[in-house]
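Contents: one structure, followed by commentary.
The values are calculated or read from the model by the stated rules, or taken from the named source; none is laboratory data. Every value quoted in this text rests on a predicted model; they were computed, and no experiment measured them. Don't worry about glycine lacking a Cβ; one is built from the backbone with ideal geometry, like all the others, and counts go over all protein chains shown.
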Amino acid sequence: MIKVEGLTRKYGSFTAVDDVSFTCQPGRVTGFLGPNGAGKSTTMRVMVGLTPPTKGHVTIGGLRYHDIPNPGRHVGVLLDASAQHGGRTGREVLTLGAMTMGLPVSRVDEMLELVSLTKAEAKRRIRNYSLGMKQRLGIAHALLGDPQVLILDEPANGLDPAGIRWMRGLLKSYADRGGTVLLSSHLLHEVEQIADEMILIGNGRIVAQGDRSTLLAGAGPVQTLVTSLDNGALTAALTNAGHAVEPAGHGLRVHAAPVEVGRAALSAQVVLTDLRDGGAGLEDLFLELTADTQREATGSLQAPTPEGTVA
Ligand SMILES: Nc1ncnc2c1ncn2[C@@H]1O[C@H](COP(=O)(O)OP(=O)(O)OP(=O)(O)O)[C@@H](O)[C@H]1O
């Protein structure tokens, strides 16, 4: 388990992380989500002892990182995949890691296979790796010591769609086996597909946390988008059932849950061709909660004209 308690990190008069507290449970993937500069990396750096906190503390399995004997056997860390020495080969990096942690060198081949780096790629110098290859190597390094806890900063960065899917499966099965995973991202869709819990941070402060349904409960009124073979009859049935209905594209927006819409359609014998949640959703919630920390106005984006002026 990772426990962050009252963590504050200041740089001069600037507060990068402001009284942050949360826990990451074993068997769960926790997503750490926030816009650029929100304080995710700083929090993670404090977790693994690379940045001292101004106030508060972090424990992993009850110990501060510095007090964990042979930490690589307990905590797998990937903070910056490009931070490896460019002149070393991937195999050398993993071999050095295995030797430092007292692991058999056979572990290197296992990890290379796990992250799908070929033998030829493992012999290449890291300065010639693509970002996605560096990321795979970083994940291999984090998993080398078979740790119970993983702390990964933007692990999907640079991975192609198949790589992102692979990583999702890898982290989910790791958590299913009882591991604790904390991963950061500034991309909601990346996190929401994998995380059991989400922690939203903006301007160094936690703005929301919980599982998907808890967060969605705070995301505005329930709405459903529905299209049918007879929208007129469906509108009548929904109105009779006491639900507000308005036209939306080829279908209807109903101020009720999908199950209520389905019931009304059944009673009116209307065939549905599309039925989906039309609520504000997590993205709206995320943008709303972090609105004062976004660099862009979220409501009224205007594309620049070809001349570079806003139309
Ligand atoms: N060493 C430092 N000195 C001064 N300011 C710093 C330092 N490290 C981080 N900061 C500032 O702290 C804030 C939080 O940065 P951090 O890297 O933690 O954000 P982040 O949420 O990881 O962002 P991103 O998604 O862009 O990686 C930023 O404003 C950053 O400029």
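For segment 155-177, state whether one or more residues are of a type in the set (A, V, I, L, M, F, W, C), under 22 Å from Thr42 (Cα atoms) and under 12 Å from the mean Cα position of the chain (by Cα).
yes
Please go through segment 150-187 and give me each residue that is surrounded by 19 or more Cβ atoms within 10 Å (Cβ to Cβ), within 16 Å of the ligand (Cβ to nearest atom) and more than 22 Å from Leu117 (Cβ to Cβ), ordered by number.
Those that are surrounded by 19 or more Cβ atoms within 10 Å (Cβ to Cβ), within 16 Å of the ligand (Cβ to nearest atom) and more than 22 Å from Leu117 (Cβ to Cβ): Leu182, Ser184, Ser185.
Looking only at helices (runs of 4 or more DSSP H) that fall completely inside segment 1-116, which ones have 2 or more residues that are within 16 Å of the ligand (Cβ to nearest atom)?
On the way: elements: 40-47, 90-101, 106-114.
So the answer is 40-47.
Somewhere in segment 250-261, is a residue under 35 Å from the mean Cα position of the chain (by Cα), surrounded by 13 or more Cβ atoms within 10 Å (Cβ to Cβ), closer than 30 Å to Thr8 by Cα and among the basic types (Lys, Arg)? Steps first, answer last, please.
The initial filter retains those residues of segment 250-261 that are under 35 Å from the mean Cα position of the chain (by Cα), namely 250-261.
Filter once more, keeping what is surrounded by 13 or more Cβ atoms within 10 Å (Cβ to Cβ): 251-258, 260-261.
Next, only the ones that are closer than 30 Å to Thr8 by Cα stay: none.
No, because not a single residue in segment 250-261 is under 35 Å from the mean Cα position of the chain (by Cα), surrounded by 13 or more Cβ atoms within 10 Å (Cβ to Cβ), closer than 30 Å to Thr8 by Cα and among the basic types (Lys, Arg).
Name, by its number, the condition in (1) within 24 Å of Gly158 (Cβ to Cβ); (2) surrounded by 18 or more Cβ atoms within 10 Å (Cβ to Cβ) that does not hold for Pro71.
Checking Pro71 against (1) within 24 Å of Gly158 (Cβ to Cβ); (2) surrounded by 18 or more Cβ atoms within 10 Å (Cβ to Cβ), the one that fails is (1).
Which residue pairs have Cβ atoms under 8 Å apart, sit 6 or more places apart or on different chains, and have a first residue in segment 56-67 that is modelled with pLDDT under 95 and a second that is polar (S, T, N, Q) and surrounded by 16 or more Cβ atoms within 10 Å (Cβ to Cβ)?
That search, which allows pairs on different chains as well, returns Gly61/Gln148.
Those residues that are modelled with pLDDT of 90 or more and in a strand (DSSP E or B), I need them from segment 211-233; list them, please.
Thr224, Leu225, Val226, Thr227, Ser228
What residue, among those in segment 54-68 that are surrounded by 13 or more Cβ atoms within 10 Å (Cβ to Cβ) and among the small types (Gly, Ala, Ser), is farthest from the chain's Cα centre (by Cα)?
Among residues in segment 54-68 that are surrounded by 13 or more Cβ atoms within 10 Å (Cβ to Cβ) and among the small types (Gly, Ala, Ser), the one farthest from the chain's Cα centre (by Cα) is Gly56.
Regarding segment 132-155, can at least one residue be identified that is of a type in the set (S, T, N, Q) and farther than 30 Å from Phe22 by Cα?
no
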